[in-house]
1. Could you run the Debye sum over the Cα atoms of segment B:2-106, one equal point scatterer each and no solvent, and tell me log10 of I(q)/I(0) at q = 0.10, 0.22 Å⁻¹, two decimals?
2. Just subtract the alpha-carbon distance of residue A:65 and residue A:95 from 0.36 nm times their residue separation and send over the number in nm, one decimal.
3. Can you compute the equivalent ellipsoid semi-axes for segment A:2-209, i.e. the square root of 5 times each eigenvalue of the Cα gyration tensor, sorted largest first and rounded to whole Å?
4. Calculate what fraction, in whole %, of the accessible area of segment A:274-387 sits on carbon and sulfur atoms when a 1.4 Å probe is rolled over the protein chains.
5. Could you pull out every residue, at least 5 positions away or on a different chain, whose amide H is within less than 5 Å of the one on residue B:98? Hs are placed 1.01 Å off N in the peptide plane, and Pro or chain starts have none.
6. Given H placed 1.01 Å from N in the peptide plane, which residues other than close sequence neighbours of residue A:390 have an amide H under 5 Å from its amide H?
7. Placing +1 at every Lys and Arg Cβ and -1 at every Asp and Glu Cβ, with all other atoms neutral, what dipole size does chain A have around its Cα centre, in debye to the nearest 20?
8. Could you give the dipole magnitude of segment B:2-106 about its Cα centre, charging the beta-carbon of Lys and Arg +1 and that of Asp and Glu -1, in debye to the nearest 20?
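The values are calculated or read from the model by the stated rules, or taken from the named source; none is laboratory data. Quantities reported herein were computed from a predicted structural model and do not represent experimental measurements. Glycine gets a Cβ as well: all are built from the backbone with ideal geometry, and neighbour counts include every protein chain shown. Remember, those area values only see protein heavy atoms, side chains included, never the ligands or the DNA or RNA. Shrake-Rupley method; radii C 1.70, N 1.55, O 1.52, S 1.80 Å.
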Amino acid sequence: MADKEAQTVTAGAAATTDNDKIQAMLKYDKIDYQTVELTGEIILPTEPVDKCFAHIKPQLLTDKKLLANLGYPTDGLVDNWKEVFLRKMDEMLKKYKSVRVFMDICVKCGACADKCPYYIGTGDANNMPMARQELMRKVYRRYFTVPGQLFGNWMVKGEELSLELLNMWYTYFYQCSECRRCSVFCPYGIDTAEVTMAAREILNSVGLVQKYLHQIINNAQTMGNNLGMQKNAVINALEFVESDLQEETGIDNIRIPIDEEGAEILFVTPSADFFASPHIESLYGYAKVFHQAGISWTMSTYASEGGNFGLFIHNYEHMKKINKRIWQAAKDLKVKRVVGGECGHMWRILSSYSNTMWGPFDWLDQRYPIPEHICEFTLNLLKRGALKIDKSANDEFIVTMHDSCQIARGMEMGGTEYGQFEIPRAVIRYVCDKFQDMPEDTIRERTFCCGAGQGLLGDDMLPTRVKGAIPRMQAYTAAKQAHGVNFIALICAICKAQLSKMFPTYGYPMEEVGGIHQLVGRAIVLGAKEGV
Amino acid sequence: METMEYSKQKFEIDDGGFLRNLFPWNEHIACVLAEKLGVEELTEGKMDIIKVMRQYYLEFKSFPILGVVCKNLDRSKNCVKEEFVDPLIAWKIAGLPNPGEEVIAYV
């Protein structure tokens, strides 16, 4: 009897730990999603569209081996989580001075409020960028400013750490795709994505690790690609693409070279390009361009991934480790140039961060950009007439272009001002007769996120994805109504996956989504001798 | 987690609907799984796809490009989607483990 009582007490006690409580709060529930009517107009919500968004919790990573690999707690919320939380936040504020500045300088002018695709889609006030950041700012004011430390919350409108606050953090920092559209409109230039990144890493440190994003970081670090494909599977996939390409074109020597030492170019691209549809169509396009240009190139099984999810959380070490594989492969294969395929954040990391992490790249050919974007590479060939193009192959399409956030609001492309907007569009115009942009406030630096960037592409995030895609879907509809657009060209693997799922969800065929090099691949005349 | 039984062989299905262990698995168990997943009849065409997927997994420990599966069977490029709509259904019937979040997102 006494034993039984003791057991009951223990069980009761176990059910009331902070970890048990937060696990119950963050329990993943499959939530139904609703689409909206596509009118071509982006309408600002006046009230929450539906009330479910406070309940959307992406799945937590529970695989202990994976968590240990990544250096995060393995048993959920750690006992002394408040201490760990504040220590990590302190580290973030010291390590990334920008985050501290962003905590201090917001004047809550509201310029960002209606710019977020998730706010427009959900109408949930917590998705206004300044409200999302306020989740961190109130902790900052309470614990990291002198008035907050001396006089507490009432003085600084701060908030004590609590499980409810953790719940809010986990919910809303995973309804932000770090697309940085709000930052474009911020008069102080606050990079809100950095705040989200820091918040996610603080959550990781206390043991609340989102599954989709971190499983992929682990795959990329251990297997070399996000999909977790073994070397022999990568080879099998690329060999299949090569034989398919040879069959389709009737050309025996068109190739997808793998691990070929001494090739001129190392080509890195997201693993989705040799796995998913429509991504794979662009891979055919790249191979045709390299073939026709007569330049030797190779892909690498060691760096079989262009993407790098390490960027999505403020953990430089993850990003660095994944990025290293690319430069290591370039060194090992003794190539002279590195060219990147169609991937948004890959391009931002390669062009903006790589040099700081693993540069200088003085061992590569200095006459070419380091790294070079495939659009830049193809455009140069097109400009000097080295590729024969038959535009009529794309006659059935009236094309528009979706600027992917990480490229549009990254640094640059081609060393020219606004190259990231002009170069991809120039490639499209070379291979298609009919091109029409979507409305001005939905493209270029003001582009809308596809709705699934930076760790939100998991199936568990479908309700968020469906709502986050609304502005893009409306903008596409506007271009369809005005110009009869029937193809959206992209240079990002995540955007391709998201839109090819959202298009059928909203009633458009998924075939209307594809890569720019899919269009190039269709129009290029192989075997032509001009120019080369 | 759910435990099922076919002719005295017990097998476990995880919360995502994937078989927890590669074995036991045979065509009969595939039929049980198919029924559970709402696939009415495992025709020969469907069973061929399932077998190729399983064979592929045993060799490469990865989810195959769907084109590879169809090429192996000498069928049209979209054969998996034509037969199952969602390729993950075929994967689950083939008794293979959760292929990971990224595969699920892209497939």
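1. Debye curve over Cα of segment B:2-106, log10 I(q)/I(0) at q = 0.10, 0.22 Å⁻¹: -0.25, -1.25.
2. This chain segment gains 8.0 nm when fully extended.
3. Equivalent ellipsoid of segment A:2-209: 31, 24, 16 Å, largest first.
4. After summing per-atom areas, the C and S share lands at 47 percent.
5. Excluding prolines and chain starts, which carry no amide H, there are no hits.
6. Result for residue A:390 returns A:524, A:525.
7. In total the dipole reaches around 1220 debye.
8. Its charge dipole is roughly 320 debye.
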